[in-house]
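Peer 1: Just dropping this structure here.
The values are calculated or read from the model by the stated rules, or taken from the named source; none is laboratory data. Bear in mind the structure is a predicted one, so any value in this text is a computation, not a measurement. Every residue, glycine as well, gets a Cβ built from its backbone with ideal geometry; the counts of neighbours run over all protein chains shown. The protein model used for the area step is the full one, side chains on, heavy atoms only, and it has no ligands, DNA or RNA in it. Shrake-Rupley method; radii C 1.70, N 1.55, O 1.52, S 1.80 Å.
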Amino acid sequence: MNAILNKIYDVIIIGSGNAALCAGISALETNQNVLIIEKADEKEWGGNSRYTAGAMRFAYDSNEDLMNLLKNPTEERIANTDFGSYTKEKFKADLLHFNEGEPLAELQEFLVENSLDTIQWLASHNIKFDPIYSRQSFIKDGKYIFWGGLTLEAEGEGDGLVSDERKEFLSLGGALIYNCEALEIIQTNNQISGIKCLLDGNETVLNCKTVVLGCGGFESNKELREKYLGPDWGKAKVRGTRHNMGKGIEMAQKLGAVLSGNFSGCHAVPMDRFMPDYGNLNLPHIERKHYRKISYLFGIMLNQEGNRFVDEGLDFRNYTYAQFGKAVLEQPNSIAWQFFDKKNFDILYSEYKTNDASFYEADTIEALLEQIEDIDQQSALKTIKSYNASVDKSTAFDPTIKDGKSTKGLVLNKTNWATTIDQAPFRAYPVTAGITFTYGGLKVNKKAEVIDTNGNVIPGLYACGEMVGGLFFYGYPGGSGLTSGSLFGRYAGKSAAKFCTTL
Ligand SMILES: Cc1cc2nc3c(=O)[nH]c(=O)nc-3n(C[C@H](O)[C@H](O)[C@H](O)COP(=O)(O)OP(=O)(O)OC[C@H]3O[C@@H](n4cnc5c(N)ncnc54)[C@H](O)[C@@H]3O)c2cc1C
């Protein structure tokens, strides 16, 4: 430890999630004097990145673009798979969809243009990928067909991704310490000279020439959620780490950094109402996702007053789940129930079937509602009956496409996948909102340099991952978070290492 305390690092990176580790690997491509500091202990390292499915969105033109990214390109199913294409234009259109009329921001363009290159760079550093057969493909005429533009996930999902990145970082010669919380960035004569931190509980100064902030947004901080997102957000569950308290944003602001992006926006999804307040890394990885409840498109959602409040079948879940968390939060007491009948049990995501999933079950809708004390049972029964009566029975249900099987004549219709809820047994899953990450952050340029309130670069300071503002505004196409973390992490590490050569 003394060796670390006495050394002057060229680059110190704060955080050990995907963005920070990519910054570390990238810096080590040209500079051997790199340290990562992580606030959590060795059990909880890896931030939100470790909770992810490792799914990464990037533009590609054909099967060929994917082959050198795959862990097992010779796997039997590959030859029988049509990955289709996900063009840059489509990726841009998907981002635009969530901009509420605003044009693509410069950083969004940058993300799309460099997305494939970023994944290829990761693959060149021994991070390999698997096709997401279970969630993003269906079989048609004996062939696997991919949909939705989200095609690959890191081998071993989020856990595998950050573990492989950490392995690469350490094997390239980087140093990493845990239990080290950054408190303040120190400047001497307008030049970064160190970081004040709590190392194993003791206040310490680590010396360095540049700092890369990769320490997440403010989603774990109840007070900041209430301040920026609104008072109700204090009640939200946190889907991932408890360590992303907005400290990086605060430290940068003290050096004059300007905020950027939508500070009242965040990614949030319907979650099991009875999950713990934070995500749980002690569960096996597949179980960690079980709190998520995003198969609402195959049923309906009712609030405490017994009313529907969203078009559950508006689009594929990739395009609605990040907004529907907020919709649940806005309901009375921030709770709701998802109703399904037997017909659709098999196509619900696996997290609806794990042992800990909370749900009510009965053989009649009346008996089901009787079990739910805090819903208006009469109103809920009326809503379910009128929903059933308005379902268009002439159109076939097809979960692999937007099937147009809708309701007719309701104040709030369901646009696709509207099947009746009339086959016993019936289930109701209680849900609330779980926040994934926040959209507001720091302003950076394409080199990941942090910009100050006068529009100038703050010398030696870089940011990446959730800390970057101005990338996502009112929603985001799933899988873009890890890709942007890797992209800006890579550029932050490269820029920091280059800056050191100018000193
Ligand atoms: C349940 C879940 C599933 C998701 N699934 C996906 C997915 O499949 N695909 C996708 O693209 N995105 C997904 N996301 C979003 C994704 O997690 C984020 O976009 C991405 O992981 C953010 O990476 P990051 O490196 O910026 O932050 P993080 O991975 O959260 O890392 C930040 C790190 O900084 C540390 N830290 C914080 N403060 C300090 C401090 N003061 N000093 C030192 N260290 C500090 C934290 O402990 C943490 O380790 C998911 C998120 C969640 C919660």
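Peer 1: On the given criteria, is A357 open to solvent by less than 50 Å² (accessible area, probe 1.4 Å), in contact (Cβ under 8 Å) with a residue 60 or more places away in the chain, out of contact with any strand residue (DSSP E or B) (no Cβ under 6 Å at 6 or more places or on another chain) and among the small types (G, A, S)?
Peer 2: Taking the combined requirement at face value, the residue satisfies it.
Peer 1: Which pairs have Cβ atoms under 8 Å, sit 6 or more apart or on different chains, and link a residue in segment 459-483 that is under 15 Å from N262 (Cβ atoms) and outside any strand (DSSP E or B) to one that is away from the ligand (no atom under 13 Å from the Cβ) and of a type in the set (D, E)?
Peer 2: Final answer for the pair search is F473/E100; F473/E102; Y474/E100.
Peer 1: For D232, indicate whether it is away from the ligand (no atom under 12 Å from the Cβ), among the charged types (D, E, K, R) and assigned to a loop (DSSP other than H, G, I, E, B).
Peer 2: Numbers: away from the ligand (no atom under 12 Å from the Cβ): yes; among the charged types (D, E, K, R): yes; assigned to a loop (DSSP other than H, G, I, E, B): no.
No, not satisfied.
Peer 1: May I ask you to say which residue of I132, I195, I139 is of a type in the set (A, V, I, L, M, F, W, C), on the phi < 0 side of the Ramachandran plot, away from the ligand (no atom under 16 Å from the Cβ) and assigned by TED's automatic domain parsing to the domain that holds N456?
Peer 2: Numbers: I132 fails: away from the ligand (no atom under 16 Å from the Cβ); I195 fails: away from the ligand (no atom under 16 Å from the Cβ).
Every option except I139 fails the conditions.
Peer 1: Ok, one more. For the condition open to solvent by 30 Å² or more (accessible area, probe 1.4 Å) and under 20 Å from the mean Cα position of the chain (by Cα), what is the one hit in E109, E181? Please lay out each step first, then the result.
Peer 2: Working: E181 fails: under 20 Å from the mean Cα position of the chain (by Cα).
Checking each option against the conditions leaves just E109.
Peer 1: Something else: Restricting to segment 372-396, and then to whatever is outside any helix (DSSP H, G or I) and crowded, with 16+ Cβ neighbours inside 10 Å, can you tell me which residue is farthest from the chain's Cα centre (by Cα)?
Peer 2: Of the residues in segment 372-396, the ones outside any helix (DSSP H, G or I) are 372-376, 390-396.
Right, trim to crowded, with 16+ Cβ neighbours inside 10 Å and you get 372, 375-376, 390-391.
Numbers: I372: 31, I375: 31, D376: 34, S390: 35, V391: 34 Å.
Of everything passing the filter in segment 372-396, S390 is farthest from the chain's Cα centre (by Cα).
Peer 1: Can you tell me how many residues in segment 18-61 are assigned to a loop (DSSP other than H, G, I, E, B) and open to solvent by less than 40 Å² (accessible area, probe 1.4 Å)? It would help to see each step written out before you state the result.
Peer 2: So the first thing to find is which residues in segment 18-61 are assigned to a loop (DSSP other than H, G, I, E, B), and the list is 29-33, 38-47, 52-54, 57-59, 61.
Now narrow it down to the ones that are open to solvent by less than 40 Å² (accessible area, probe 1.4 Å): 31, 33, 38, 40, 45-47, 52-54, 57-59.
Adding up the residues that qualify gives 13.
Peer 1: Still on this structure, please answer the following. Can you tell me which residue within segment 207-224, out of those that are in a strand (DSSP E or B) and open to solvent by 10 Å² or more (accessible area, probe 1.4 Å), is nearest to the ligand (Cβ to nearest atom)? Working first, answer last.
Peer 2: As a first pass, look at segment 207-224 and keep what is in a strand (DSSP E or B): 207-213.
Those still in the list that are open to solvent by 10 Å² or more (accessible area, probe 1.4 Å) too: 207, 209.
Details: N207: 16, K209: 18 Å.
The residue in question is N207.
Peer 1: Also, quick follow-up: Test each condition in (1) open to solvent by less than 40 Å² (accessible area, probe 1.4 Å); (2) closer than 29 Å to L95 by Cβ; (3) not in a helix (DSSP H, G or I) for T204 and report the one that comes out false.
Peer 2: Checking T204 against (1) open to solvent by less than 40 Å² (accessible area, probe 1.4 Å); (2) closer than 29 Å to L95 by Cβ; (3) not in a helix (DSSP H, G or I), the one that fails is (2).
Peer 1: Right, here's the next one. With G101, G84 as the choices, which residue is surrounded by 14 or more Cβ atoms within 10 Å (Cβ to Cβ) and at pLDDT below 95?
Peer 2: Details: G101 fails: surrounded by 14 or more Cβ atoms within 10 Å (Cβ to Cβ).
Within the list G101, G84, the selection yields G84.
Peer 1: Looking at segment 170-185 only, could you name the residues that are among the hydrophobic types (A, V, I, L, M, F, W, C), within 13 Å of the ligand (Cβ to nearest atom) and over 12 Å from E250 (Cβ atoms)? Can you show your working first?
Peer 2: To start, the set of residues in segment 170-185 that are among the hydrophobic types (A, V, I, L, M, F, W, C) comprises 170, 172, 175-177, 180, 182-183, 185.
Remaining after also requiring within 13 Å of the ligand (Cβ to nearest atom): 176-177, 180, 182-183, 185.
Listed by number, the residues that qualify are L176, I177, C180.
Peer 1: Examine segment 476-490 for a residue that is in the same structural domain as N190 (by TED's automatic domain parsing), touching an Asp or Glu at 6+ places or on another chain (Cβ under 8 Å) and away from the ligand (no atom under 16 Å from the Cβ), and state whether such a residue exists. I'd like the intermediate steps shown before the answer.
Peer 2: To start, the set of residues in segment 476-490 that are in the same structural domain as N190 (by TED's automatic domain parsing) comprises 476-490.
Next cut, touching an Asp or Glu at 6+ places or on another chain (Cβ under 8 Å) only: 477, 481, 485.
From the residues that got through so far, the ones that are away from the ligand (no atom under 16 Å from the Cβ) too are none.
No.
Quick grid of which residues meet (1) hydroxyl-bearing (S, T, Y); (2) within 19 Å of the chain's Cα centre (by Cα); (3) crowded, with 20+ Cβ neighbours inside 10 Å:
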| residue | (1), (2), (3) |
| --- | --- |
| F274 | no, no, no |
| G279 | no, yes, yes |
| R308 | no, no, yes |
| L314 | no, no, no |
| G325 | no, yes, yes |
| L329 | no, yes, yes |
| P332 | no, no, no |
| K342 | no, no, no |
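Peer 1: Further question on the same structure: Could you please tell me which pairs satisfy a Cβ distance under 6 Å, a separation of 6+ or placement on different chains, a first residue in segment 268-283 that is closer than 15 Å to F437 by Cα, and a second residue that is in a loop (DSSP other than H, G, I, E, B)?
Peer 2: Here the result reads V269/I294; P270/K293; Y278/R242; G279/R239; G279/G240, each pair linking segment 268-283 to a residue that is in a loop (DSSP other than H, G, I, E, B).
Peer 1: To continue, here is another question. Kindly indicate which of S62, S115, S124 is closer than 15 Å to L150 by Cα and away from the ligand (no atom under 15 Å from the Cβ).
Peer 2: Values: S115 fails: away from the ligand (no atom under 15 Å from the Cβ); S124 fails: closer than 15 Å to L150 by Cα.
Unique residue meeting the criteria: S62.
Peer 1: Something else: Restricting to segment 45-72, what's the tally of residues that are of a type in the set (D, E, K, R) and touching a residue at least 60 places away in the same chain (Cβ under 8 Å)?
Peer 2: First, pick out the residues of segment 45-72 that are of a type in the set (D, E, K, R): 50, 57, 61, 64-65, 71.
Checking the rest, the ones that are also touching a residue at least 60 places away in the same chain (Cβ under 8 Å) come to 50, 57, 71.
Qualifying residue count for the region: 3.
Peer 1: Let me ask another. Quick one: which residue in K227, K167 is more than 10 Å from the ligand (Cβ to nearest atom), more than 30 Å from L95 (Cα to Cα) and not in a strand (DSSP E or B)?
Peer 2: Values: K227 fails: more than 30 Å from L95 (Cα to Cα).
Criteria check complete, one pass: K167.
Peer 1: Right, next: Return the residues of segment 146-172 that are open to solvent by 40 Å² or more (accessible area, probe 1.4 Å) and of a type outside the set (D, E, K, R); say none if nothing qualifies.
Peer 2: Matches in segment 146-172: W147, G156, S163, L170, S171, L172.
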